[in-house]
Amino acid sequence: RFPDEIIKLAVVGDERIKIKGADNLLESGELPTIPINDQNSSIRPILLWGDSHATYVILAFESLCKKHNASIYVAAKAGIPPILGTTRAERSGMQQYNAAVYDFIKQKQIKDVVLVCRWAVYPLGDSFAQKSPSLVDCSKANSSARQTFATQLPLTIDKLTSLGVRVW
């Protein structure tokens, strides 16, 4: 039996935070920040970028931001891994969205990017949900999802680091 304090920490439900505004990036050119609606903190050149799994770590980042009186940008969109030059048949606009995030990073001179994603599902699929891998290289339509992942994720990281960005 664990002490009550440990049980309280261990019991985690759906701790995902829903962030509004990432969907409007193509129209507005802006991304939301966390903590949400915090007018007193300074925005740091940091971006949390990922699919819906990035929303599960927002509470941790929000806590850090409050501790350091800072805000950071968030680009979290369901079903869209932070991998440039890729698409998925079931996610129209994915390539354009990721390109817009990359442009945002350049424009705002973001210095640190934290990539958070359900990485395995994109090259391997999801046997539990009975979904096949669906990641497609936009420049090579006949490459497998595994090949696409193996080439495009390192290329994404290279493009970011060439801007002077530290990728976490």
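The values are calculated or read from the model by the stated rules, or taken from the named source; none is laboratory data. Predicted model only: the values in this text are computed from it and were never measured. Cβ placement follows ideal geometry from the backbone for every residue including glycine, while neighbour counts extend to all protein chains displayed. Note: areas computed on protein heavy atoms with side chains; ligands, DNA, RNA excluded. Shrake-Rupley method; radii C 1.70, N 1.55, O 1.52, S 1.80 Å.
Summary table
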| item | result |
| --- | --- |
| Solvent exposure of the range 79-150 as accessible area per residue, Å², 1.4 Å probe | 52 |
| Length added when fully stretched, residue 69-residue 92, from 0.36 nm per residue minus Cα-Cα | 4.6 nm |
| List 68, 53, ordered by accessible area with a 1.4 Å probe, largest first | 68, 53 |
| The range 28-94 - percent of accessible surface contributed by carbon and sulfur, probe 1.4 Å | 52 |
| Separation in nanometres of the label points that stand 7 Å from Cα toward Cβ, at residue 60 and residue 112 | 1.3 |
| Proportion of all alpha-carbon pairs of the range 18-168 beyond 19 Å (%) | 52 |
